[in-house]
Amino acid sequence: MRMLLSAATGPPTILLTTALVVVLCFWLLVAVGFTSVGSFDADANLRAWGMDGVPVAVAVSTLTAVAWFLSVGGVLLLAACAPPCPASGLLRMVWPVAALPVAWRLTCLFVRPLHRLFPDEPGSPHRGRVRDHVDHAA
């Protein structure tokens, strides 16, 4: 437990730990009803990042959680397997930063299937097709 706490609060993983705490507080506010999942959707467009189709809060929360787990997991793995030396200390500092691009790619893969849960327009997509077919037939 002490090693986990040390990995989560050590530099630079402390930045991801802080972000994870903010994400957890946000979702607590959503659960209580003080804010909504789509409260940041007007502020950012995630299409360029490959995470479009879901609310910004869902994409950023997923990115933060995945990055935190990769960072802490990698640091714990280094602490358990690598002998204490300057090279492992440097790798322990670089690993959380290197985990960010991996977390981004994994997040893009994770949010893609979630697009069906957050439709852009209300209603069934089949409705429009049936209506168009009826309109063209008449």
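Calculated accessible area for region 40-108 comes out at 55 Å² per residue, all protein chains present (probe 1.4 Å; ligands, DNA, RNA ignored). Over all distinct Cα pairs, what is the inverse of the mean 1/r for region 19-88, reported as the Kirkwood hydrodynamic radius in Å? About 14.2 Å for region 19-88.
Size check on region 4-127: the Cα extents along the three principal axes, sorted descending, read 63, 29, 22 Å.
All C-alpha to C-alpha distances of region 69-119, sorted into 10 Å bins beginning at zero, yield P(r) values of 24, 37, 21, 13, 5, 0 percent in whole numbers.
The values are calculated or read from the model by the stated rules, or taken from the named source; none is laboratory data. Quantities reported herein were computed from a predicted structural model and do not represent experimental measurements. All accessible areas refer to the heavy atoms of the entire protein, side chains included, with ligands and DNA or RNA removed. Shrake-Rupley method; radii C 1.70, N 1.55, O 1.52, S 1.80 Å.
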